[in-house]
Amino acid sequence: MAKGFGGMDLNSLMAQAKKIQKQIAKAQEEAAKETVEVSVGGGMVSVSANGLGEIVNIKISKEIVDPDDIETLEDLILSGVNEAIRKAKQNMEEKISALTGGLNIPGMF
């Protein structure tokens, strides 16, 4: 029996790491299928992102479209996109954290 790390069975530790790795991969796959939606500007702009942080949908209310004020529309879209990506990333981190017990594993996020 291979011992290491304070007498722990190395084979058992490796098996547990592989199990967690598979669970993380499954959680990432499931999260990639989920979408989050955020609204900005009082609901005038809505942005949806999947668990990979990809924008999958943008809805813009006709009332916010003003040819004389494009900057406001641009700001709302940018704000919505950034918030949707942040929320999708947060959801992914929460799923992974639940599996790793809060351990921050490099390269996972």
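With the cut-off at 18 Å, tell me which of the pairs Lys33/Lys59; Lys19/Lys95; Lys22/Lys95 have Cα atoms farther apart than that.
Lys33/Lys59
In nm, give the distance between the simple-model label positions of Met14 and Glu93, each being 7 Å from the Cα along the Cα-to-Cβ direction.
Here the answer is 3.3 nm between the modelled labels.
Would you calculate the separation in nanometres between label points at Thr72 and Ile60, each defined as 7 Å from the Cα along the Cα-to-beta-carbon direction?
Reported label-point gap for Thr72 and Ile60 is 1.4 nm.
By how many degrees, between 0 and 90 and to the nearest 10, does the Cα long axis of helix 70-100 differ from the longest principal axis of the chain?
With rounding to tens, the tilt is 20 degrees.
Under 26 Å between alpha carbons, and skipping anything fewer than 8 positions from Lys62 in its own chain: which lysines qualify?
Correct list for Lys62: Lys87.
Computed from the coordinates by the stated procedures, all read-outs in this text should not be read as laboratory data. The structure displayed is predicted, hence computed values, not measured ones. Positions of Cβ are backbone-derived with ideal geometry, glycine not excepted, and every protein chain shown enters the neighbour counts.
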